[in-house]
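The values are calculated or read from the model by the stated rules, or taken from the named source; none is laboratory data. Predicted, not measured: the structure shown is a model, and the values here were computed from it. Positions of Cβ are backbone-derived with ideal geometry, glycine not excepted, and every protein chain shown enters the neighbour counts. Each accessible area value is taken on the protein alone, full model and side chains, heavy atoms only, with ligands, DNA and RNA left out. Shrake-Rupley method; radii C 1.70, N 1.55, O 1.52, S 1.80 Å.
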Amino acid sequence: MPLSAPLKRNLRSVLILCAIMIFVQFINTLTLGSVSSLGIYPRSLAGLLGIPLAPFIHHSWVHLISNLVPFAILMMLVAQLGQKVLWLGSGGIILIGGILVWLFGSSGMHAGASGLIFGYWGLLLAYAWFNRSLKSLLIAALVLLIYGGMFFGLFSLRANVSWSSHIFGALSGVFMAWWLTNARQSK
């Protein structure tokens, strides 16, 4: 059974962003980790560049691989809510979450897709709350079933894990769900 056009488009978007992350990690490996220095350094001028770049930069292959599967699954679920929700939601999570990490994050470099992953998680759950459509509620139920344990990741205080990216990503996702719902309803 062939894939529908919207499903193909959504899958293509997910695969392109995953390929970009893999390509960036190849460059990071070839340059002995120099790409990792382009993440978010809180409260520094150089760290501002990391705000849009950080989700695509990983410190190691293990770091990247641990993020790829949840990133792909959650992004695909967000895409089921529509292209506008996917792209405006992604941009808002990256920018708002990154700015909050830059303002309030712990010292050190923050990079990786986990902020965007937690942002998608927050967006999917909050979108169901704000919209209460059958589709969004079913997606949120699936997210809770598969990734309900992410809630505890919001409070992870492990060394070398950016708890601020997790929390600010999730809060940004909730905000974007609220904003996208209000923008849709005000039309």
Among 152, 106, 117 the positive-end extreme of the charge dipole of the chain (Cβ point charges): 117
Gain on full stretching of the segment that runs from residue 69 to residue 53 - 0.36 nm per residue minus C-alpha separation: 3.8 nm
Amide N proximity, the range 70-106 versus residue 133 label position 7 Å along Cα-to-Cβ, cut-off under 12 Å: 79-86
Mean-position separation - Cα centroids, the range 128-177 and the range 1-74, in angstrom: 19
Residue 87 paired with residue 155, simple spin-label distance in nm, labels 7 Å along Cα-to-beta-carbon: 3.9
Whole-percent pair-distance distribution, where bins are 10 Å wide, for the alpha carbons of the range 52-187: 13, 47, 31, 8, 0
Carbon plus sulfur fraction of accessible area for the chain, probe 1.4 Å, in percent: 76
Cα-based shape type of the range 1-115, given that a ≥ b ≥ c are square roots of the gyration tensor eigenvalues and the cut on a/c is 1.5: oblate
